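To start, the structure under review is shown below, and the notes come after it.
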Amino acid sequence: MPAACESVLEDIEDIVSAEDLKPHDRQFVRKNVFPKVRKRNSQKNVQTDDEPPSDSIIPGVQKIWIRTWGCSHNNSDGEYMAGQLAAYGYKITDNSAEADLWLLNSCTVKNPAEDHFRNSIKKAQEGKKKVVLAGCVPQAQPRQEYLKGLSIIGVQQIDRVVEVVEETIKGHSVRLLGQKKDNGKRLGGARLDLPKIRKNPLIEIISINTGCLNACTYCKTKHARGDLASYPIEELVDRAKQSFQEGVCEIWLTSEDTGAYGRDIGTDLPTLLWKLVEVIPEGAMLRLGMTNPPYILEHLEEMAKILNHPRVYAFLHIPVQSASDSVLMDMKREYCVADFKQVVDFLKEKVPGITIATDIICGFPGETDEDFQETMKLVELYRFPSLFINQFYPRPGTPAAKMPQVPAAVKKQRTKDLSQLFHSYNPYDHKVGERQRVLVTEESFDCNYYVAHNPFYEQVLVPKDPLLMGKMVEVNIYEAGKHFMKGQPVSDARVHTASITRPLAKGEVSGLTEEFRRAPQNGTNWRAQPSAEIPVKTQLGSWMALQLPWQQEGGGLKILSVSLALLAVLLMFYYGGMKTE
């Protein structure tokens, strides 16, 4: 493969200027797609490659297996990519062995997640599967040796996953890592109205912004997601409305830091939340994602009012990471322990029963025994019902990786000690005997119960009665464990259904227009359209740009207009021929 194949190019929108060649002049410039060279026997002119030539492959009919690691933002990206591929005609399969291509959507937060990602790439190659890589790992470090020669779709380019998959199936290596921009201003990412396949048809994950305003010394995600870029309020509200119209009964708002939402576009999180609350139907709920302490401090009064709303879970995930100010300073977390306590104490007072979840890193560089004991005291004080304990892993390219490290044995012991403290108390024992209102949304891992959540987003297991799924019901709590309660539905209680619309079937594509639903799903109907998008080689050998209906303004109307025009021309020729005869 030519050396040029190893270089990483920005997206076309980022590298084209007024002085550059026009699309017509550069139709043979192959900057993003690297054709695979087919070796032939010079004597017999026989192709020696086992694979069929790329121009004999029909994209849009293959089976694709998608694996996603990491946060809810990453899961949302995975759902969008699955939806676009299915809408184009590809079959999304749960069986990795039968798949023709593996789409691996990675997480870069911790070493083990990247190890799983790397091992999956190796397994795919051993199984002679085509591979497309996505997520934060290749976005942050695309030049890693084990990524060489593989196709990559960047975190802000997921609306172009069909292009990358199509070219990869043909045997080409494609890399799209650019940023979405409007007049030079970075956007939140791909459009929110793209087709998607929800992992759970009852739950819609909405990314309200991407990136953040911090520069934490241990964080690799910042290298991938970048600085803060928020979606406009009207687009987020429209996405929520569409979700409820498709039978969704629970919405999760997610991002790298929801508390920072809107600071780049002149608004803020409370303003967004009040707009969303207006469109949440009775029987549906909204869950707010992670927010760092600095950006929630100035909105405490408004946030307390919103978290008391009957259709908003009284739940907030606020990572503290450490209870030592010196460690927080080394992390560049931009708050002190007193700030975190102020947020928690205020919300506990103003929002009775609120669930506060938090994160803690054990063994950050420079953490002393005294620092760690401060963290233990904080957990003992608040007895968080939901606590994410993470042993520190130095991520390549981060400042923390260059700091003097805490010995591995010490990190492991501190993680163990904190885990033992967390498991020493039961947060739900006092709730046995209560009557609670819960929303049923999924099945338990052991398949023995349905999973519901009460107004504080505490997990309640209920009997597997299909009539309960997607409904809000009242239950009597009769048992409590460390991470859950068990409830029995009350026979005389009213059942609330969030929407009269039937939820989409599992695997059904969301967000398709009726026109697109009627189109044959064989992957050959939406072909290359001239544009300033990625150059893609067509069957005739010319370089054009593949553009899908959701990538163009009024795409459906344009296709319909062209079709009618062609029909009119054919009719003219037909009747003209009849008159001549």
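Evaluate the stretch 176-189: report whether one residue or more is part of a loop (DSSP other than H, G, I, E, B) and closer than 30 Å to Arg502 by Cα. Yes, there is a match, as at least one residue in the stretch 176-189 is part of a loop (DSSP other than H, G, I, E, B) and closer than 30 Å to Arg502 by Cα. Can you find even one residue in the stretch 291-300 that is under 17 Å from Leu439 (Cβ atoms), polar (S, T, N, Q) and in contact with an Asp or Glu (Cβ under 6 Å, 6 or more places away or on another chain)? The answer is no; no qualifying residue exists. Looking for something in contact with a Phe, Trp or Tyr (Cβ under 6 Å, 6 or more places away or on another chain), more than 17 Å from Asn111 (Cβ to Cβ) and either modelled with pLDDT of 95 or more or acidic (Asp, Glu) (or both) - is there at least one such residue anywhere in the stretch 376-391? Scanning the stretch 376-391, I find at least one residue that is in contact with a Phe, Trp or Tyr (Cβ under 6 Å, 6 or more places away or on another chain), more than 17 Å from Asn111 (Cβ to Cβ) and either modelled with pLDDT of 95 or more or acidic (Asp, Glu) (or both), so the answer is yes.
In the stretch 190-205, is there at least one residue being open to solvent by 20 Å² or more (accessible area, probe 1.4 Å) and not in a loop (DSSP other than H, G, I, E, B)? The answer is no, given that none of the residues of the stretch 190-205 is open to solvent by 20 Å² or more (accessible area, probe 1.4 Å) and not in a loop (DSSP other than H, G, I, E, B). Any residue that is of a type in the set (Gly, Ala, Ser) and more than 24 Å from Tyr428 (Cα to Cα) - is there at least one of those in the stretch 346-360? No.
The single condition among (1) over 30 Å from Val327 (Cβ atoms); (2) touching a Gly at 6+ places or on another chain (Cβ under 7 Å) that Leu192 does not satisfy is (2). Filtering Glu167, Glu98 for residues that are in contact (Cβ under 8 Å) with a residue 40 or more places away in the chain and either closer than 25 Å to Val509 by Cα or not hydrophobic (A, V, I, L, M, F, W, C) (or both) leaves a single hit, Glu167. For the stretch 420-457, a tally of residues being closer than 24 Å to Met376 by Cβ and in contact with a strand residue (DSSP E or B) (Cβ under 6 Å, 6 or more places away or on another chain) returns 3. Going through (1) of a type in the set (A, V, I, L, M); (2) surrounded by fewer than 20 Cβ atoms within 10 Å (Cβ to Cβ); (3) within 16 Å of Lys412 (Cα to Cα) one by one, Ala357 falls short only on (3). Looking at the stretch 530-537, can you tell me whether even one residue there is open to solvent by 40 Å² or more (accessible area, probe 1.4 Å), at pLDDT 95 or above and outside any loop (DSSP other than H, G, I, E, B)? Scanning the stretch 530-537, I find no residue that is open to solvent by 40 Å² or more (accessible area, probe 1.4 Å), at pLDDT 95 or above and outside any loop (DSSP other than H, G, I, E, B), so the answer is no. Note on the stretch 244-276: among residues that are polar (S, T, N, Q) and in a helix (DSSP H, G or I), the one that is modelled with the highest pLDDT is Thr271. Against the conditions (1) surrounded by fewer than 22 Cβ atoms within 10 Å (Cβ to Cβ); (2) modelled with pLDDT of 95 or more, Glu298 satisfies every one except (2).
So that you can scan it fast, the table gives a plain yes or no per residue for (1) of a type in the set (A, V, I, L, M, F, W, C); (2) under 19 Å from the mean Cα position of the chain (by Cα); (3) open to solvent by 20 Å² or more (accessible area, probe 1.4 Å); (4) more than 27 Å from Asn390 (Cα to Cα):
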position	(1), (2), (3), (4)
Leu104	yes, yes, no, no
Asn111	no, no, yes, no
Phe117	yes, yes, no, no
Gln125	no, no, yes, yes
Cys136	yes, yes, no, no
Gly149	no, no, yes, yes
Val155	yes, yes, no, no
Val165	yes, yes, no, yes
Thr168	no, no, no, yes
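Apart from one condition, Pro463 fits all of (1) at pLDDT 90 or above; (2) closer than 18 Å to Gln245 by Cβ; the exception is (2).
The residue list Ser491, Ser444 contains one member that is surrounded by fewer than 18 Cβ atoms within 10 Å (Cβ to Cβ), of a type outside the set (D, E, K, R) and without any contact (Cβ under 8 Å) to a residue 12 or more places away in the chain, which is Ser491.
For (1) in a loop (DSSP other than H, G, I, E, B); (2) over 29 Å from the mean Cα position of the chain (by Cα), each residue gets a yes or a no:
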| site | (1), (2) |
| --- | --- |
| Phe388 | no, no |
| Ala401 | no, no |
| Val406 | yes, yes |
| Lys412 | no, yes |
| Asp417 | no, yes |
| Phe445 | yes, no |
| Val451 | no, no |
| Tyr478 | no, yes |
| Lys482 | yes, no |
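The values are calculated or read from the model by the stated rules, or taken from the named source; none is laboratory data. Just so it is clear, the model here is predicted, and its values are computed rather than measured. Note: ideal-geometry Cβ built from the backbone for every residue, glycine included; neighbour counts use all protein chains shown. When the accessible area is computed, the model is the full protein with side chains, heavy atoms only, and any ligands, DNA or RNA have been set aside. Shrake-Rupley method; radii C 1.70, N 1.55, O 1.52, S 1.80 Å.
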